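Scroll down for the structure; my scribbles are underneath it.
The values are calculated or read from the model by the stated rules, or taken from the named source; none is laboratory data. Predicted model, so just to flag it, every value in this text is computed and none were measured. Positions of Cβ are generated from backbone atoms using ideal geometry, with glycine treated the same way; all protein chains shown enter the neighbour counts. For accessibility, only protein heavy atoms count, side chains too; no ligands or nucleic acids. Shrake-Rupley method; radii C 1.70, N 1.55, O 1.52, S 1.80 Å.
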Amino acid sequence: MKPSVHALALSFLLLAAAGAAAQDIRTAWAYHAAEGASPAAEIIPGKATAFLANGTASIPQDRTVTLYVMTDHQFAGDLDEQIFVRWWDGYMAHWVMGSWVENLHLSPSNSIRGFPADGEVMVDLWKIDIPSWITQPGENFYAIQLKGCRGDHSEERYLLRRAGGDFSRRNALGQAWSSSEEFDGQDWSVTILP
């Protein structure tokens with residue numbers, strides 16, 4: 001018996017959906033700062049620096065703003081991984097690409113927010129430098145983009161200060177994330193001093 005056109009079309013859609021799901025961005029270990037926590041105070045596991053490495057959310061205008069982000073190891077699966085910060089200077093958005101720093105090995109003795117409770121997990125650490133020529137005096141805002149891409153296909157997730165809207169979730173670490181680029185009022189802020 002030959003399969004019907006509808007059965008073939010349904011099979012194709014299910015395979016396409018399964019392929020898309022296999023390319024999903026993993027966010028279980030994604031972290032910059034949980035709601036109510038300051039990235040300037042949250043220390044990277046096993047390091048002596050904070051996720052907002054400047055150590056304060058008030059930064060002189062002539063200084064580079066340095067951000068760190070932790071992600072699942074190979075968070076984009078088979079896609080090429082990229083990290084960006086969408087920096088809003090009060091006038092316009094700037095997209096600044098980050099770079100991979102190293103693998104971190106988390107364990108109960110080197111944990112973040114009590115995780116992992118047992119065993120060991122390898123995660124990736126990324127760094128983004130926002131040069132002083134991008135920042136503007138006053139309040140600046142940022143959100144972090146985790147991106148997987150290959151050719152014309154890309155998947156994005158946004159790490160945010162707090163969850164909001166239908167497309168946002170929170171992982172076990174308390175990190176809010178969204179699959180939507182609509183994050184007004186959900187991003188972090190930094191004051192650039194004149």
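How long are the semi-axes of the ellipsoid equivalent to segment 38-150, from square roots of 5 times the Cα gyration tensor eigenvalues, in whole Å, largest first? Could the numbers behind the result be given before it?
On the way: eigenvalues 142, 68, 19 Å².
Here the semi-axes work out to 27, 18, 10 Å.
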Over segment 54-194, what is the mean sequence separation of C-alpha contacts under 8 Å (at least six apart), divided by residue count, expressed as relative contact order in percent?
28
Looking at segment 87-194, I'd like the Rg to Rh ratio, where Rg is from alpha-carbon atoms and Rh is Kirkwood's inverse mean 1/r.
1.01
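Relative contact order of segment 81-161, please, whole-number percent, based on alpha carbon pairs below 8 angstrom and at least 6 residues apart.
Once divided by the residue count of segment 81-161, the mean separation gives 34 percent.
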Most mobile listed residue (53, 37, 163) in the chain, GNM with C-alpha springs under 10 Å:
37
Using the Cα centre of the chain as the reference point, and only Cβ charges (+1 on K/R, -1 on D/E), how large is the resulting charge dipole? Debye, rounded to the nearest 20.
220
Leaving out ligands, DNA and RNA, and with a 1.4 Å probe, what % of the accessible surface on the chain is carbon or sulfur?
54
Quick check: with the 1.4 Å probe, what order do 97, 70, 122 take by accessible area, largest first?
97, 122, 70
Could you point to the label whose value was computed as mean projected area of the Cα convex hull in nm² for the structure here, given (1) 11.7; (2) 14.0; (3) 10.9?
(2)
To the nearest 10 degrees, how steep is helix 5-22 against the longest Cα principal axis of the chain, on a 0 to 90 scale?
30
Can you tell me the Rg and Dmax of segment 33-96, counting just the alpha carbons, in angstroms?
13.8, 40
